[in-house]
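Right, one structure below, let's go through it.
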Amino acid sequence: MHLPPPVWPIDFRTTLLRATLYVLFIGGIAQGAYYEALYFPSVRFSELGFTEFAQTLTLASCCGLLLYIRQVIKVFPNVTLLLFAFIAASLVREQDYFLDVYVADNSWKIIVALIIVPVLGWVIYQRRRFIAEFAHYSNTFAFGLFAGGVLTTYIFSRLYGRQIFWRAVLEDNYARIFKDVAEEVVELLGYSLILFATIELLLLALRIRKSQRLAS
């Protein structure tokens, strides 16, 4: 069986290097959560703890990378815009505690709406171009990682972090901290996968840009 050559190929050494860095990153956040529990009991798994800060930094990094892909490299402009809106909305949602305390209750919902609504309107207006871009993006490793991150963060972490589940597991020994740890750490794992997906998209965009220059 003869397989067609890959589009915008990646050499094995580069793939191995990236896989190693991703493994180290995952190990780092797991160790960070351990140190948070061990050395910072007063803020562990709260809005001021390592895990919440790492979530914010991860999402902010994704937003910055997506803006760079869209505005500088200029590849997949409509797909990256929609991804940016989704991740930026998640970033705002993660700041709900601070926004509720220092701005107004539920102010994060207004900010999210101000991000999502105009972007959705633009993507719908540009739907033909978006569909054409998505046809390429959906067949990439970056999309697979992004889908895995979304499923981990927005589906599995919510179900795994349910209070009813941990009450059933711990019975009379139930304490809310177990639920919080389970949900927040799994959520950070999902955000990390989304970051890896964004990095892969950046590298893909650079390869596409390079191939376009060589073709011209």
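The values are calculated or read from the model by the stated rules, or taken from the named source; none is laboratory data. Values in this document were obtained by computation on a predicted structure and should not be read as measured data. Ideal geometry is used to build each Cβ from the backbone, glycine not excepted, and the neighbour counts take in all protein chains shown. Protein only, heavy atoms only, side chains kept; ligands, DNA and RNA dropped before computing areas. Shrake-Rupley method; radii C 1.70, N 1.55, O 1.52, S 1.80 Å.
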Does at least one position in segment 32-55 carry a residue that is of a type in the set (Ser, Thr, Tyr), under 30 Å from Arg207 (Cα atoms) and out of contact with any Asp or Glu (no Cβ under 8 Å at 6 or more places or on another chain)? no
Taking Val79 and the conditions (1) of a type outside the set (Lys, Arg); (2) under 21 Å from Phe141 (Cβ atoms); (3) open to solvent by 30 Å² or more (accessible area, probe 1.4 Å); (4) without any contact (Cβ under 8 Å) to a residue 60 or more places away in the chain, which numbered condition does it fall short on, given that it satisfies the others? (3)
Give the residue that is nearest to Arg213 (Cα to Cα), with candidates limited to residues of segment 38-78 that are touching a helix residue (DSSP H, G or I) at 6+ places or on another chain (Cβ under 6 Å) and assigned to a loop (DSSP other than H, G, I, E, B). Val75
Cβ-Cβ under 7 Å pairs, at least 6 apart or on other chains, segment 56-69 side closer than 11 Å to Leu81 by Cα, far side among the small types (Gly, Ala, Ser) and crowded, with 20+ Cβ neighbours inside 10 Å: Cys63/Ala88; Ile69/Ala205
Among residues of segment 11-36, those that are β-branched (Val, Ile, Thr), open to solvent by less than 90 Å² (accessible area, probe 1.4 Å), modelled with pLDDT of 95 or more and out of contact with any Ser or Thr (no Cβ under 7 Å at 6 or more places or on another chain), counted: 1
The residue that is most open to solvent (accessible area, probe 1.4 Å), considering only those in segment 127-182 that are assigned to a helix (DSSP H, G or I) and polar (S, T, N, Q), is Asn173
Looking only at segment 97-108, decide whether some residue is closer than 23 Å to Val186 by Cβ, hydroxyl-bearing (Ser, Thr, Tyr) and part of a helix (DSSP H, G or I). yes
Just to be sure, is Trp108 open to solvent by 40 Å² or more (accessible area, probe 1.4 Å) and touching a residue at least 12 places away in the same chain (Cβ under 8 Å)? yes
Filtering segment 37-76 down to residues that are open to solvent by 70 Å² or more (accessible area, probe 1.4 Å) and either in contact with a Pro (Cβ under 8 Å, 6 or more places away or on another chain) or on the phi > 0 side of the Ramachandran plot (or both) yields Lys74
List pairs: first residue in segment 196-216 and over 12 Å from Ile10 (Cα atoms) and in a helix (DSSP H, G or I), second residue at pLDDT below 95 and open to solvent by 60 Å² or more (accessible area, probe 1.4 Å) anywhere in the structure, Cβ distance under 7 angstrom, at least six positions apart or on different chains. Ser211/Trp8
